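All of the numbers you see were taken from the coordinates with simple rules; none came from a lab. In this text, all values refer to a predicted model and were calculated from it rather than measured experimentally. Cβ placement follows ideal geometry from the backbone for every residue including glycine, while neighbour counts extend to all protein chains displayed.
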Amino acid sequence: MFLRNAWYVAAWDHEVTRELQQIMVLGEKVCIFRTEAGDLVALEDACPHRKLPLSKGRIKGDTVECGYHGLTFNCVGQCVWAPGSSGIPSNAKVHAYPCHEKYGLVWIWMGNPALADPSDIFEIEHYDDPAWGINRGAAMELDCNYLLMCDNLLDPTHVAWVHQSSFGSDQTKDAPLRIKKTDDGVIVHRWMMDHEPAPFYKKVVEFEGNCDRLQHYEVRYPSHALIKAVFTPAGTGGPDGPLHEKTFIMDSYNFMTPTDEGRTRYYWFQLRNIRPDDEALSKMMSEDVQHAFEEDRAVLNEVQKGMTNKTTPHIDLPIDGGQLRFRRQLQAMINEEQQVDRQMAE
Ligand SMILES: [Fe+2]
């Protein structure tokens with residue numbers, strides 16, 4: 001089950017071209033391409049005649065011609081040409097999905113097009129801020145349900161075991177978590193005081209000695225996360241701490257797009273408040289983050305199999321509180337959406 005009235009990431013912007021491509025979002029096949037002017041088009045990827053994917057056909061100007069019998073569809077999914085002398089059947093059309101380009105990503109709206117508002121797309125502070133640097137990774141394919149990755153991104157504790165060579169440190173095993181439910185998601189966070197920075201951060205912070213560290217893990221509905229890491233010299237952090245001028249901040253943005261119930265496409269990039277133009281630093285951070293996320297992938301792919309094929313019940317722990325709240329609220333939103341859809345169909 002998925003929330004349909006929401007923006008999901010369909011692709012990096014450079015991935016969508018004048019070539020017809022099939023992508024899969026929420027279990028639906030979508031044909032995506034650009035018009036001659038460069039605008040985005042996303043159509044249901046099935047000709048209504050014999051269901052050949054339109055992505056197997058040809059792009060003709062700003063229209064798509066089916067590769068089987070030449071039915072031709074415009075950017076809003078209306079058939080504008082069909083073979084035979086009796087004209088175009090009124091039901092010869094395909095769904096057109098609203099799309100929007102922002103943050104180097106292509107966003108797609110899978111629900112009712114009348115509700116699609118680009119101003120609802122996840123807001124990214126500092127995206128165009130020249131004082132902040134950025135590193136991007138490739139999108140990653142996960143063989144697991146998207147909610148397992150949402151769980152992971154509401155779970156500051158797992159870094160102690162999964163990411164020992166990068167994000168984890170002894171303090172991340174047991175420092176108490178705080179959970180906050182917001183209007184648009186859940187935040188799990190904690191400050192850990194006066195300890196040695198974890199290996200990944202030790203390489204990038206611009207101060208010596210111990211740190212105070214914030215882990216802010218936030219996931220917003222349906223499946224978009226901000227993981228904020230703050231490192232400040234020991235004694236200057238904490239919820240009310242006067243942050244030091246050498247404070248290092250890394251905002252990690254993570255967007256999970258369900259391919260279907262068992263697979264997820266995972267897009268991510270990080271923004272940092274130091275050395276914005278340092279390409280070598282961006283490259284190193286990308287590689288290290290990619291390596292750490294591969295560690296998550298290996299675990300989550302196995303968790304997917306374990307939870308799908310379990311023969312005994314699983315248990316929850318107190319550290320799972322944020323994840324469980326997130327899942328419960330998202331499920332309530334999905335239920336409500338489906339109820340409204342049923343009422344409108346009656
Ligand atoms: Fe992780």
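Once the range 229-346 is represented by equal point scatterers at the alpha-carbon sites, with solvent omitted, what log10 I(q)/I(0) does the Debye formula produce at q = 0.11, 0.13, 0.15, 0.21 Å⁻¹? One equal scatterer on each Cα of the range 229-346 leads to -0.67, -0.88, -1.04, -1.30. Relative to its residue count, the range 7-119 spans a Cα convex hull of 99 Å³ per residue. Extension gain, Lys102 to Gln21, is 27.2 nm, computed as 0.36 nm per intervening residue step minus the present C-alpha separation.
If only the Cβ of Lys and Arg carry +1 and only the Cβ of Asp and Glu carry -1, the dipole of the chain around its Cα centre is close to 980 debye. Taking the inverse of the mean 1/r over every pair of distinct Cα atoms in the range 68-139 gives a Kirkwood hydrodynamic radius of 15.9 Å. Listed values for the range 36-41 are Karplus-derived 3J(HN,Hα) couplings in whole Hz (6.51 cos²θ - 1.76 cosθ + 1.60, θ = phi - 60°), namely 4, 7, x, 6, 7, 9, and x replaces Gly and Pro. Backbone geometry of the range 178-188 corresponds, through the Karplus equation with coefficients 6.51, -1.76 and 1.60 at θ = phi - 60°, to 3J(HN,Hα) couplings of 10, 10, 9, 9, 10, 5, 10, x, 9, 10, 10 Hz, x marking Gly and Pro. Taking amide H atoms as placed 1.01 Å from N in the peptide plane, the amide H of Lys29 lies under 5 Å from those of Asp45, each 5 or more residues away in sequence or on another chain.
Need one number: the % of Cα-Cα pairs in the chain sitting beyond the 29 Å mark. That fraction is 46 percent. Between Gln290 and Arg50, residue separation times 0.36 nm minus the direct Cα-Cα distance comes to 82.2 nm. Per-residue ellipticity at 222 nm, computed for the chain from helices alone with -39500 (n - 2.57) per DSSP H run of at least four residues, works out to -6500 deg cm²/dmol. The 3J(HN,Hα) values that the Karplus relation (6.51, -1.76, 1.60; θ = phi - 60°) gives for the range 11-20 are, in residue order, 5, 5, 4, 6, 7, 9, 9, 7, 8, 5 Hz. Gly and Pro appear as x. If R0 equals 41 Å, the separation of the Cβ atoms of Lys283 and Arg342 corresponds to a calculated FRET efficiency of about 0.20.
For the chain, the cysteines with no partner cysteine C-beta closer than 4.7 Å are Cys31, Cys75, Cys79, Cys99, Cys144, Cys150, Cys211. For the cross-link pairs Lys29/Lys305; Lys180/Lys310; Lys60/Lys102, the ones whose C-alpha atoms lie over 29 Å apart are Lys180/Lys310.
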